[in-house]
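Enquirer: Before I ask anything, let me first share the structure, which is written out below as structure tokens.
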Amino acid sequence: MKKQLQVWQLISKSLGDNIPVMLLYVVESLGSSPGRAGFFMAINAKGEMHGSIGGGIMEHKFVEMAKETLKNDHEHEIFYKQIHDKTSSKFQSGMICSGEQSNVLYKVKATDGNTVNEIINCIQTNRTGKLILSKERILFDEEVPEQDFHFHCEDDRLDDWVYEEQIGYKNNLHIIGSGHCALALSELMSAMDFYIHLYDDRGNLKTFLDNKYAHQKTIVNDYLELKTLIPSDDNNYVVVMTVGYRTDDIVVRSLMDKDFKFFGLLGSKKKIEKMFSDYRKEGINEGLLKKIHAPVGLPINSQTPEEIAVSIAAQIIRAKNEVL
């Protein structure tokens, strides 16, 4: 989220200093395109820039195009389809990774200034909203869209299109327990645009107090409170890593009947085998147990809190991107 904020802040500063500035946005992507829908960057007439639309020779080409347009105030096309295949008869991006993406070059207007500041405020206050980008203007709406990204082009007319995107954090990571592994996971996931919630029943724990990466820290009197604190949601990711078996068990029982995008439990195989064996003896539905990634994390023989965090983060990202 910090990187997104830097792009909009550069645009706002450029407008305030009367420096022409261009917004480059990926509005649609297919296949293995390096630039995905929602990738964006800004460059101003002084050559200052932030963000990315996918990198490589294609990004370089568009950056140079933006610089030339800003320098000479040229009229320019605003919508560009790019195909990452050198055998394509047209729209070649210069890359060979396959897939395609549609990029927009939008010269930001002075009249867009208020909207840009609304977007900055939305991000800084950890709220969500909707960006609406068209050939004519940038708009912001506080209503959260149903889809993260949506591009509409009327009858393939490239002069009549609208792109909408959810602004702000799209995913919530709920970490239950705030020990060393939680601290390492919070730091790693904070760079991946997850809004991080941290919960513990030990408010004076040093790693809880030292965790500057969590956006929201909650002290609970009893982990049973999580049943009302964490709702079912396809944008919710939950990782349980409390101090021991008893508290892990309380958390799992409180949350197992909810639907999350990801639900993981940290622990040794022996501990988890016993816990799940007890659940089965109690007649708990096997379908509920199968939803839990336990032990959480990809099997990479991780040892340190940092390595464990990497294994968990990789599994979460795989779930987020639905890689099977």
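Throughout, read-outs are computed from the coordinates displayed, never taken from laboratory work. If you're wondering where the values come from, they're calculated on a predicted model, not measured in any experiment. Because the Cβ atoms are built from the backbone with ideal geometry, glycine has one as well, and the counts that use them run over all protein chains shown.
Enquirer: Counting Lys and Arg as +1 and Asp and Glu as -1, what is the net charge of the other residues whose Cβ lies under 12 Å from the Cβ of residue 193?
Expert: Computed value for this residue: +3.
Enquirer: Could you derive backbone 3J(HN,Hα) for the range 111-125 from the dihedral phi with the Karplus parameters 6.51, -1.76 and 1.60 (θ = phi - 60°), listing whole Hz in sequence and x where the residue is Gly or Pro?
Expert: Going residue by residue, I get 5, 7, x, 5, 5, 4, 5, 5, 5, 4, 4, 4, 5, 5, 9 Hz, with x marking Gly and Pro.
Enquirer: State the percent of C-alpha pairs, over all pairs in the range 171-320, separated by a distance greater than 20 angstrom.
Expert: For the range 171-320, the fraction of Cα-Cα distances above 20 Å is 43 percent.
Enquirer: Would you mind telling me which residue in 48, 164, 118 has the biggest mean-square fluctuation in a Gaussian network model of the chain, where springs connect alpha carbons within a distance under 10 angstrom?
Expert: 48
Enquirer: Below 8 Å between Cα atoms, with a sequence gap of 6+, how large is the relative contact order for the range 166-242 in percent?
Expert: 43
Enquirer: With no solvent and one point on each alpha carbon, what is the Debye value of log10 I(q)/I(0) for the chain at q = 0.09, 0.13, 0.15 Å⁻¹?
Expert: -0.58, -0.99, -1.16
Enquirer: Going by average Cβ density within 10 Å per residue, which order do the peptides 308-319, 243-254 take, highest to lowest?
Expert: Put in order of decreasing packing, that is 308-319, 243-254.
Enquirer: Express as a percent, rounded to the nearest 5, the fraction of DSSP beta bridges in the chain (both residues included) that run antiparallel.
Expert: Taking every DSSP beta bridge within the chain, about 60 percent pair in antiparallel fashion.
Enquirer: Still on this model: Give me the number: length gained by fully extending residue 321 to residue 127, i.e. 0.36 nm times residue separation minus the C-alpha to C-alpha distance, one decimal in nm.
Expert: Gain on extension, residue 321 to residue 127, equals 67.6 nm.
Enquirer: So, one more: How high is the relative contact order of the chain? Use alpha-carbon pairs under 8 Å, at least six apart in sequence, and give a whole percent.
Expert: Reported relative contact order: 11 percent.
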